[in-house]
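The values are calculated or read from the model by the stated rules, or taken from the named source; none is laboratory data. All values reported here derive from a predicted model rather than from experimental measurement. Using ideal geometry, Cβ is built from the backbone for each residue, glycine included, and neighbour counts are taken over all protein chains shown. SASA here: full protein model, heavy atoms, side chains in, ligands and nucleic acids out. Shrake-Rupley method; radii C 1.70, N 1.55, O 1.52, S 1.80 Å.
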Amino acid sequence: MSGRINTLEKDAHTEGEWPPVKDKSQDYVLLDLSRNDTHSIMRVWRKWFTCDRRDQEIENDTIRVMVVIGDTEELELSDDHTFRKSIFFLEVLEHIMYPDNVLIHEFKLTDHIVADQDTSYACTFLPMPRVSKKHHIIKYEPVEDPDTIGIVHHILIYVCGNNTILMSDVGDCYGSDSRYAQCMSATFGWAVGGESFDYPSNCGVSVGTPDDPLYVRIEIHYSNFENKEGLKDSSGMRIYYTPDLRPHDCSTLMTGIFTFPIEFIPPGSTAFRNYGLCNTNLLETMLGRPIPDLTVTTFLLHGHLTARGLRIMHYRNGTLIGSLGEDKKYDFSFQQVRNLPREVTVKMGDQIVVECTSSTMDREGNTYGGPSTLNEMCIGFVFYYPAIPVASCWSLMDIHYVTNALGLDKADSIMDAILNIDAVEWDDEKKKIAQKAVMEAPHLAVVENREGRRVNETSPLPPISLPPPFHCEDDTLD
């Protein structure tokens, strides 16, 4: 059946009660509603900012869409009649033409037995495609095993230096075997809710030259909260590559907070913010040579269950000059690589600050940075060209500065300082003190290369300010 659908149109809101209540301000205009044999199609018009506090602002953020379907106006809010999806409204996707000679290669595990525990990691080394001349990787996508969908939390492919000590066994990425730490440059990444990623038409990841990696380390994070036994997983990543070269070699830089319990969020927080710092001058220190300007094209934000907003801020000479990616309505279940509206130039000496805003209203104890889904992470991957052999540029704050601000006993070690923070009986005033200290504390800024070698320096954060809200002359509220 196809044609138009009879409708009763209204702009409404709900605050936890069903059915929705009609807004005083009617800000949506229905342009068309029709259906064919496979789809129902609705087109509406609305201003991005309506100045109606009952409406959701439409910005460069995740939008959660819910569709309730029924035969009458009295719609029933039930799983059988409801469809939910997070989407990104405002992204403009480049139409990319692919050459005919695209080749495919997969990095994947084979029937790996997933541990029957909440959190586990699996790593092994796999070969890059063997080619006789330079090629460009122009796309990647996840290889999902239907038996472990919902249990695979993320898949990362790290490229290795060509002096890496290899092994074929699958092991714990962060266990006692230090060989997995040889490959630290995350080049291809997928997380919950993500889809395929096409590199911009002007760059690709180089493979096939003497300087390019011959092997990668695959890392898969499992969240098996039901502790299912005997699960076998054959997930991984699929890459598309071609001998038709693009103008630039591109790569990925991991920025944010070094994953460690120094990152903490007090319980009962509505919007507690943590920060990671990248000082780009350390990139030249690591390589021992000048580095040209880097052009950032795309980004991927990664936080866990308490994350509500992430932004990658771009500073020059201590002044905030723009964004390398943000989402004020972050959804853990929708982690997709996103294109910037326009390319951004990062000059050596610039600073990149990743801000992660968390809510722990449903938690009774501190949440710390760590590898489990129930821990937290604060990471921004930036995709850029020209490629340089650097893996990450991130930081750790001085936790002793925070414990001192809270008036806690002097600790002899970082772990003792964390234990002191864990014993705090939090109230609103202590949370304010901790938040101020987190924003003021000096950071150990660290740059790491593909093989895990590091250089670092102590540095303060640049001045942090919250993004200004859209200004409305007259807010409307029923």
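The table below gives the values:
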| read-out | value |
| --- | --- |
| Only one of Ser196, Ser132, Ser185 that is over 21 Å from the mean Cα position of the chain (by Cα) and either exposed (fewer than 14 other Cβ atoms within 10 Å of the Cβ) or not charged (D, E, K, R) (or both) | Ser132 |
| Single residue of Val344, Val353 found to be open to solvent by less than 10 Å² (accessible area, probe 1.4 Å) and modelled with pLDDT of 95 or more | Val353 |
| Of the criteria (1) open to solvent by less than 40 Å² (accessible area, probe 1.4 Å); (2) closer than 20 Å to His302 by Cα, which one Val114 fails | (2) |
| Any hit, segment 81-90, residues being at pLDDT below 75 and loosely packed, with under 11 Cβ neighbours inside 10 Å | yes |
| Candidates Ser34, Ser120, filtered to the one that is within 30 Å of Met167 (Cβ to Cβ) and open to solvent by less than 90 Å² (accessible area, probe 1.4 Å) | Ser120 |
| Residue satisfying all of: in segment 51-69; touching a Phe, Trp or Tyr at 6+ places or on another chain (Cβ under 9 Å) and of a type in the set (S, T, N, Q); farthest from Leu324 (Cα to Cα) among these | Thr62 |
| Verdict on Gly318 being touching a residue at least 60 places away in the same chain (Cβ under 8 Å) and on the phi > 0 side of the Ramachandran plot | yes |
| Residue match in segment 427-446 (condition: within 30 Å of Ile137 (Cα to Cα), open to solvent by less than 70 Å² (accessible area, probe 1.4 Å), of a type outside the set (Lys, Arg) and under 27 Å from the mean Cα position of the chain (by Cα)) | yes |
| Filter pass, Gly365 being farther than 17 Å from Asn60 by Cα, open to solvent by 30 Å² or more (accessible area, probe 1.4 Å), touching a Pro at 6+ places or on another chain (Cβ under 7 Å) and in contact (Cβ under 8 Å) with a residue 40 or more places away in the chain | yes |
| Boolean, Glu76 is in a loop (DSSP other than H, G, I, E, B), in contact with a strand residue (DSSP E or B) (Cβ under 8 Å, 6 or more places away or on another chain), acidic (Asp, Glu) and surrounded by 12 or more Cβ atoms within 10 Å (Cβ to Cβ) | yes |
| Of all residues in segment 150-169 being at pLDDT below 95, more than 27 Å from Tyr384 (Cβ to Cβ) and among the hydrophobic types (A, V, I, L, M, F, W, C), the one that is least open to solvent (accessible area, probe 1.4 Å) | Met167 |
| Within segment 24-51, considering residues that are free of Cβ contacts under 8 Å to residues at least 24 places away in the same chain and of a type in the set (S, T, N, Q), the one farthest from Ile69 (Cα to Cα) | Gln26 |
| Scope segment 317-336; condition surrounded by fewer than 16 Cβ atoms within 10 Å (Cβ to Cβ) and closer than 22 Å to Pro460 by Cα; matching residues | Asn317, Gly318, Thr319, Ile321, Gly322 |
| Only one of Asp147, Asp169 that is among the acidic types (Asp, Glu) and more than 27 Å from Leu374 (Cα to Cα) | Asp169 |
| Residues being surrounded by fewer than 23 Cβ atoms within 10 Å (Cβ to Cβ) and either free of Cβ contacts under 8 Å to residues at least 12 places away in the same chain or among the β-branched types (Val, Ile, Thr) (or both) - total across segment 368-389 | 2 |
| Cβ pairs under 7 Å, 6+ apart, first in segment 403-421 and within 15 Å of Ala434 (Cα to Cα) and without any contact (Cβ under 8 Å) to a residue 24 or more places away in the chain, second among the charged types (D, E, K, R) and surrounded by fewer than 17 Cβ atoms within 10 Å (Cβ to Cβ) | Asn420/Asp409 |
| Extreme residue, farthest from Leu245 (Cα to Cα), among residues of segment 127-153 that are touching a Ser or Thr at 6+ places or on another chain (Cβ under 7 Å) and among the acidic types (Asp, Glu) | Asp145 |
| Residue within segment 83-104 that is under 18 Å from Gly150 (Cβ atoms) and of a type in the set (A, V, I, L, M) present | no |
| Lone qualifier among Leu109, Leu126, Leu103 - being surrounded by fewer than 15 Cβ atoms within 10 Å (Cβ to Cβ) and at negative phi | Leu103 |
| Residues satisfying the stated conditions in segment 402-426, i.e. out of contact with any His (no Cβ under 7 Å at 6 or more places or on another chain), small (Gly, Ala, Ser) and either outside any loop (DSSP other than H, G, I, E, B) or open to solvent by 50 Å² or more (accessible area, probe 1.4 Å) (or both) | Ala405, Gly407, Ala423 |
| Residue list for segment 416-447, restricted to those being among the acidic types (Asp, Glu) and out of contact with any helix residue (DSSP H, G or I) (no Cβ under 8 Å at 6 or more places or on another chain) | Asp416, Asp422, Glu425, Asp427, Asp428, Glu429 |
| Trp18 vs. criteria farther than 25 Å from Phe332 by Cα, modelled with pLDDT under 80 and either outside any strand (DSSP E or B) or open to solvent by less than 80 Å² (accessible area, probe 1.4 Å) (or both) | yes |
